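**Q** Quick one: structure below, then a few questions.
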Amino acid sequence: MEHSQQYQLGPWIICPQSNTITNNAISNKAHSNKSGTHSLDNKSMQVLLFLIQHAGEQVTKDQIFEQVWKNSIVADDILSVTVSKIRKALGDNARSPTFIKTLPGIGYSLIASVEKLDSDKLASIKQVSNKSDSNKQESTKGIKAPGIYLGIMALLFVASLALYLILSDEGSSTSQLNINSIAVLPFDDLSAEQDNQHFTDGLPDAIINQLSQTNSLKVISRYSSFTYRGKYNASEIGQALQVEALLDGSVQKMGEQVRINVRIFSTKNGQQLWSKTFDSDTQNSFKLQDNISAAIQEIIQPNYVPRDGNLSLTTTKAISAQAYEWYLMGQYHWRQRNPKSLLKAETYFKHSLELAPDYADAHVGLAITYANLHHFANWSERKAIDKALPHIERALALEPGSPTALATKGMILTLKANYETGFSVVDSTLIQQAQQAFLLSLELDNNATTHHWYSSLLKRLGNESQVIQHMNQAVELNPLSASLKRSFSNYLRSIGKPDSAQRMYQRALILEPDHFSHVIDSTHIFRHTQQSIIALAEWQSTNAELFINCSSDEYCEQVALAYLNIGANQAANNVLARMGPKHGHFLDSLDLIEFGLKAEEQKVLLFKERVALNRPNNRRVLFDLGVAQFRAGKFRQAKITLLKFDPEWREPASIKLSDITADNYIALVLHAVTLSNLDQKTDAEFLLKNIQIFLKQDQVFDKIQAQFVLAEINAQLDDESQALVHLATALKMGWLESNHLEWWSLENNHLLQPLIGNSEFKLLLEQHKKKLNQLRQRVTRKLSTISNSIK
């Protein structure tokens, strides 16, 4: 469908080029202040256009996924949310639809009339719209003259009321509001030029930082509250963010003068609880911020006294407006967390510090940027640490009580401790210093980012319960952050909770379906499939410039591993050749792949034993060790390891169906087969049949892997026919070996050994190898254009 083509859908004009829908009947209605134009995000517009293309037809969910989310790993929830957005924009009702009808178990159908609009038709619509505007203006003229005196009287009344409010403002601002939780929303830019976005966003940012230092007040992170830009419903936000009150405002710049209106209102009934207007000039931005923060602090907690060393309420920073603007631009770019934006952030923070060398916040921003250039680009840990530490030390020398600077110090020292000691020494001085910085920061400021960073330190120390506690606290303060949920999902995966990790990642995907590096991030959480490998090749092709010099180690590592996974060695080597020094964990992955290809199970076992020495209580590590021991024929050792994984499995007969979960069923299958190899046949059969029952309840997120495990279970129960049925289903759904989770091929799978002599199994193996070869060829063809363009 042409991007420039517009459509008439009932009363709505659909414009794909601007991603808008317009109903002139609403906007032209006499005396109406409502806007008849709504914006849709890209995916919502694509779904709507696909339904328009198939108007009157039954459109299945699979058809929509293939068209709109091709080669992406998504769930039905995303489509439901997207259709809900479209319906809301159209004013449609799912129960009594005018536009989109739900077909249960099938998909959707567009039931309203639709037509393409040519240029003549569009001109006619515009003419009618202009005429309606003229009629609206004429209709108001008749009431202007008779009402002129009433208008004058009203103006006088408003002026008197305003004077009264100004005179009484000081007294009203001292009344305390009974608020325990609040979200600060983005401010509106009411300036004629609409060019103050950095400043407009900076004000609520500063207010959030100040209010979050009040321990008794829950303040939602800007990453969640800033989701609600533009029109919003107070009660809906209150429910989504679990807060009692909202704070919003507007900024109006007139020359060198700026006027800021701030208000607080209830999420229960939308009632305004407090408001105030602040006037200043643009050269006193910091003083203005301090005044606003102080006024809000006073109305919420009048007895609040800043902690020692934390004088941000009373200290006016002598920073120029230009330095502040550079700082805001740097802050915006480091939050994008990709190589290009991080390099832009570095430039902006440096510009800010050239104008204001003692600007502590800019030093902090630059330190965070350098740390992120390790995490999200190709900087080594040493380079990132050496660049970041001097800036954070300078920031703390300027503002010793800055919660953000303290948290950043903790984050950088955590990175340094990992680099220098590998956390082999739990009581190292660096770790103690990092922990002290985090705890002091959290004492001053209950901040989502600090909880997140601190959880990284606790994760390295193996303190699982505290990691989850701080991650949950971060999610509570920042409930709409997709990046936080992605991080949480990675942690859940690392501690042996794969299903929980996948569900958490899916929540992130619903919040941010178009995340730039989604296809890369998902490789940590999900198994490879044919579709995911193709999506990676497509993504690399689209972002070829990132792979010229591997501007992100993370991107290059995951792409190379995926290509090695299907035997596309040349494609992988092309990526590997462009990488600089490789991280230790990546070199370990390459070694493990080589051991697996050569069937060197003893080397794999030695490797897994070394990992387990450093992480003796990690369930994922224990499971991997148990598999390595099983494959090496050390069944008694495997049993001991799996009982460390879950001590409750010591008495197999006492393991109830309710004890089997989507997170532990794969490990329990291994435990059962281990018992079978130790002549505990009855216990093994009991467990395997119970796991069969569990899997048929459809509680596992990864449906493909569930089918594959059912094949393994039936093979162990000597039911070859059912094993082959499930295996064929898994392969048809796109199952692939995944070298980031296992080091063996389908042919060498230890739980499918009873099928080795089966002719049908051999046929499935041949078909699988043929599909792998086709996939390799497809990837190679796709990437050949990239290789030629960057040689």
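**Q** Report the accessible area of residue 503, computed with a 1.4 Å probe over the heavy atoms of all protein chains in place, in Å² rounded to the nearest 10.
**A** Rounded to the nearest 10, the figure is 100 Å².
**Q** In addition: Can you give me the % of accessible surface on the stretch 358-514 that is carbon or sulfur? Probe 1.4 Å, all protein chains present, nothing else counted.
**A** Ligands and nucleic acids excluded, carbon and sulfur reach 47 percent.
**Q** Related question: For a quick protection proxy, order the peptides 670-680, 581-591 by their average other-Cβ count within 10 Å, most packed first.
**A** 670-680, 581-591
**Q** Please give the charge dipole size of the stretch 537-614, origin at the Cα centre, charges +1 on K and R Cβ atoms and -1 on D and E Cβ atoms. Round to the nearest 20 debye.
**A** Approximately 160 debye in magnitude.
**Q** Whose amide H sits under 5 Å from the amide H of residue 37, counting only residues 5 or more places off or on another chain, with H placed in the peptide plane?
**A** Here the answer is 23, since their amide H atoms fall under 5 Å of that of residue 37.
**Q** Then there's this: Using a 1.4 Å probe on the protein heavy atoms, what percent of the accessible area of the stretch 678-742 belongs to carbon and sulfur?
**A** It is 49 percent, rounded to a whole number.
**Q** Could you list, in their original order, any pairs among 644/732; 43/732; 85/782 whose Cα atoms are separated by more than 30 Å?
**A** Flagged as over cut-off: 644/732; 85/782.
**Q** Now for a different question. Could you compute how much accessible surface residue 553 exposes when probed at 1.4 Å, giving the result in Å² to the nearest 10?
**A** We get 10 Å² for residue 553.
**Q** Report ³J(HN,Hα) in whole Hz for each residue of the stretch 437-451, in order, from the Karplus equation J = 6.51 cos²θ - 1.76 cosθ + 1.60 where θ = phi - 60°; Gly and Pro get x.
**A** 5, 5, 5, 5, 4, 5, 5, 7, 8, 7, 10, 4, 5, 5, 4
**Q** Amide H neighbours of residue 100 under 5 Å, at least 5 residues apart or on other chains, H built in the peptide plane: list them.
**A** 111
**Q** Also: Of all GluC sites (Glu not before Pro) in the stretch 726-760, which ones are in loop regions per DSSP and have a Cβ with at most 13 other Cβ atoms within 10 Å?
**A** Of the GluC sites (Glu not before Pro), the ones in loops of the stretch 726-760 whose Cβ has at most 13 other Cβ atoms within 10 Å are 747.
**Q** Then there's this: Give me a comma-separated list of calculated 3J(HN,Hα) values for the stretch 605-619, in order, Karplus coefficients 6.51, -1.76, 1.60 applied at θ = phi - 60°, integers in Hz, x for any Gly or Pro.
**A** Listing the rounded values in order: 4, 4, 5, 5, 5, 4, 4, 5, 5, 7, 9, x, 10, 7, 5 Hz.
**Q** OK, next. How much net charge surrounds residue 342 when only other residues with a Cβ under 14 Å from its Cβ are counted (Lys, Arg +1; Asp, Glu -1)?
**A** Neighbour charge sum, excluding residue 342 itself: +4.
**Q** Quick one: Karplus J couplings for the stretch 516-533, per residue in order, coefficients 6.51, -1.76, 1.60, θ = phi - 60°, nearest Hz, x for Gly and Pro?
**A** Values per residue, Gly and Pro as x: 3, 10, 4, 5, 6, 4, 5, 5, 6, 9, 10, 5, 6, 10, 4, 5, 5, 5 Hz.
**Q** Amide H neighbours of residue 218 under 5 Å, at least 5 residues apart or on other chains, H built in the peptide plane: list them.
**A** For residue 218, the qualifying residues are 181, 182.
**Q** What whole-number value in Å² describes the accessible area per residue of the stretch 522-648 for a 1.4 Å probe?
**A** Dividing the accessible area of the stretch 522-648 by its residue count gives 44 Å².
**Q** Please sort 534-545, 55-66 by packing, taking for each peptide the average over its residues of neighbouring beta carbons within 10 angstrom, highest first.
**A** 534-545, 55-66
The values are calculated or read from the model by the stated rules, or taken from the named source; none is laboratory data. Everything numeric here is computed off the predicted structure, so don't read it as measured data. Ideal geometry is used to build each Cβ from the backbone, glycine not excepted, and the neighbour counts take in all protein chains shown. Surface areas here come from the heavy atoms of the whole protein model, side chains and all, with no ligands, DNA or RNA. Shrake-Rupley method; radii C 1.70, N 1.55, O 1.52, S 1.80 Å.
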